[in-house]
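Trainee: Okay, here's the structure, questions in a sec.
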Amino acid sequence: SWKWVLGPFLLYAFERILRVWRARQKVVVTKVVMHPARVLELQMQKKGFHMEVGQYIFVNCPDISLLEWHPFTLTSAPEEDFFSIHIRVAGDWTERLIDTFQQQMPRIEVDGPFGTASEDVFQYEVAMLVGAGIGVTPFASILKSIWYKFQQADQTLKTKKIYFYWLCRDTGAFAWFNDLLASLELKMAESGKADFLTYRLFLTGWNTSIANNAALHFDTVTDSVTGLRHKTIFGRPIWNSEFAAVAEAHPRSVVGVFLCGPSSLAKSLQKSCHQHSSLDPRKVKFYFNKENF
């Protein structure tokens, strides 16, 4: 029996040694940004690091714990000369990490990157990207990469249309990637491809003062909540309506639906994919891909 056990054990030992060696390589933190709602952005560089859109890494901070490794989705694009993550307070470790970076620059170890379903987004001509709260991070990487592809006039880009949905509980969360969305609006308008990206921002938690302020400024060019051209929608998406509109606009396309969010939202989207996919292979099909947290 030892012959059957030896092979898998050697492969496991090699994989562990490789991960330890890769994790011990020096990581240089080049920029630290504190965003609203206690979200920390780290921009880093590491020799030999290569990534694709939507991938994630494991992060360790020896000053906090030698053994704790936590996964974070990369928010940078492969075209950039650094890689970045956004960290939201979601427990003792993340809270201690943010507090530590506000006081000093601790040593960081990184293992990865590792692949996810979001890597396949550019395989579809039409894509629906759905992020909930900090679940927007893999799509930030995708949208940044698209921005660079437009800048470089990349003729190999297969994707012709992207629908982006971002659901947030508080207005401060929108500030994480406002600059990115504003840059995309401007760049695509200048390129004559303003219709390439359609994004819809949903505020799922608000009070009367926020709603009244939005109503008073409804006729302004930019949104009172985000400062973007697209108006913030109060409430949750009606997914049947959203899928029906996409199916009508692209009656013969294969549509990739990508989610980074809670499992309850995944069930709703998966159900909508089945309901709005045609049995006729010549008509619209929705394929669901998810990353739960």
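Trainee: Please determine whether any residue of segment 107-128 is of a type in the set (S, T, N, Q) and within 21 Å of Ala189 (Cα to Cα).
Mentor: no
Trainee: Here's another thing I want to ask about it. For Glu95, are the conditions met, namely being open to solvent by 50 Å² or more (accessible area, probe 1.4 Å), acidic (Asp, Glu), more than 17 Å from the chain's Cα centre (by Cα) and in the same structural domain as Cys260 (by the TED database)?
Mentor: The answer is no for Glu95.
Trainee: Determine the pairs where a residue that is closer than 12 Å to Val254 by Cβ, located within segment 271-293, has a partner that is basic (Lys, Arg) and not in a loop (DSSP other than H, G, I, E, B) with Cβ atoms under 8 Å apart, the partner being 6 or more residues away or on another chain.
Mentor: Matching pairs, first to second residue: Ser277/Lys285; Ser278/Lys285.
Trainee: Thr73 passes all but one of (1) more than 13 Å from the chain's Cα centre (by Cα); (2) open to solvent by 20 Å² or more (accessible area, probe 1.4 Å); (3) of a type in the set (Val, Ile, Thr); which number fails?
Mentor: Of the numbered conditions (1) more than 13 Å from the chain's Cα centre (by Cα); (2) open to solvent by 20 Å² or more (accessible area, probe 1.4 Å); (3) of a type in the set (Val, Ile, Thr), the odd one out for Thr73 is (1).
Trainee: On to the next question. Check whether at least one residue in segment 80-91 is farther than 26 Å from Pro36 by Cα, assigned to a loop (DSSP other than H, G, I, E, B) and touching a residue at least 40 places away in the same chain (Cβ under 8 Å), and report yes or no.
Mentor: no
Trainee: Quick one: would you say Glu109 is farther than 30 Å from Pro237 by Cα, touching a helix residue (DSSP H, G or I) at 6+ places or on another chain (Cβ under 8 Å), open to solvent by 20 Å² or more (accessible area, probe 1.4 Å) and touching a residue at least 12 places away in the same chain (Cβ under 8 Å)?
Mentor: It is false that Glu109 is farther than 30 Å from Pro237 by Cα, touching a helix residue (DSSP H, G or I) at 6+ places or on another chain (Cβ under 8 Å), open to solvent by 20 Å² or more (accessible area, probe 1.4 Å) and touching a residue at least 12 places away in the same chain (Cβ under 8 Å).
Trainee: Has segment 238-251 got at least one residue that is farther than 19 Å from Tyr165 by Cα, in the same structural domain as Leu167 (by the TED database) and modelled with pLDDT of 75 or more?
Mentor: yes
Trainee: Suppose the filter is over 21 Å from the mean Cα position of the chain (by Cα), surrounded by 13 or more Cβ atoms within 10 Å (Cβ to Cβ) and either at pLDDT 90 or above or not small (Gly, Ala, Ser) (or both); does Glu68 pass it?
Mentor: yes
Trainee: Answer yes or no: is there a residue in segment 125-141 that is in a loop (DSSP other than H, G, I, E, B), touching a residue at least 60 places away in the same chain (Cβ under 8 Å) and open to solvent by 40 Å² or more (accessible area, probe 1.4 Å).
Mentor: Yes, there is a match, as at least one residue in segment 125-141 is in a loop (DSSP other than H, G, I, E, B), touching a residue at least 60 places away in the same chain (Cβ under 8 Å) and open to solvent by 40 Å² or more (accessible area, probe 1.4 Å).
Trainee: Looking at (1) open to solvent by 80 Å² or more (accessible area, probe 1.4 Å); (2) in a helix (DSSP H, G or I), which one does Glu15 not meet, given that it meets all the others?
Mentor: Only one criterion in (1) open to solvent by 80 Å² or more (accessible area, probe 1.4 Å); (2) in a helix (DSSP H, G or I) is unmet by Glu15, namely (1).
Trainee: Give just the number: which of (1) modelled with pLDDT of 85 or more; (2) within 19 Å of the chain's Cα centre (by Cα); (3) surrounded by 14 or more Cβ atoms within 10 Å (Cβ to Cβ) does Ser118 not satisfy?
Mentor: (1)
Trainee: Mind checking which pairs have a first residue in segment 144-155 that is in a helix (DSSP H, G or I) and a second that is not basic (Lys, Arg), Cβ under 6 Å, 6 or more apart or different chains?
Mentor: From residues that are in a helix (DSSP H, G or I), the pairs are Lys144/Ala77; Ser145/Val53; Ser145/Ala77; Trp147/Leu184; Tyr148/Ala77; Tyr148/Glu79; Lys149/Leu157; Phe150/Ser191.
Trainee: Take the residues in segment 254-293 that are open to solvent by 20 Å² or more (accessible area, probe 1.4 Å), in a loop (DSSP other than H, G, I, E, B) and not acidic (Asp, Glu), then tell me which one is nearest to Cys168 (Cα to Cα).
Mentor: In this case the residue turns out to be Pro262.
Trainee: Does Glu185 satisfy being buried (at least 16 other Cβ atoms within 10 Å of the Cβ), at negative phi and either assigned by the TED database to the domain that holds Phe58 or not aromatic (Phe, Trp, Tyr) (or both)?
Mentor: Criteria met by Glu185.
Trainee: Against the conditions (1) within 17 Å of Trp166 (Cα to Cα); (2) touching a residue at least 12 places away in the same chain (Cβ under 8 Å), where does Ser264 fall short? Just the number, please.
Mentor: Ser264 satisfies every listed condition except (2).
Trainee: Separate question: Being open to solvent by 30 Å² or more (accessible area, probe 1.4 Å), among the hydrophobic types (A, V, I, L, M, F, W, C) and part of a strand (DSSP E or B) is the filter here; which residues of segment 30-56 pass it?
Mentor: Hits for segment 30-56 are Val32, Val33, Met34.
The values are calculated or read from the model by the stated rules, or taken from the named source; none is laboratory data. All of these numbers come straight from a predicted model, not from anything done at the bench. All Cβ positions, even for glycine, are placed from backbone atoms using ideal geometry, and neighbour counts span all protein chains on display. Keep in mind that these areas ignore ligands, DNA and RNA; they rest on the heavy atoms of the full protein, side chains included. Shrake-Rupley method; radii C 1.70, N 1.55, O 1.52, S 1.80 Å.
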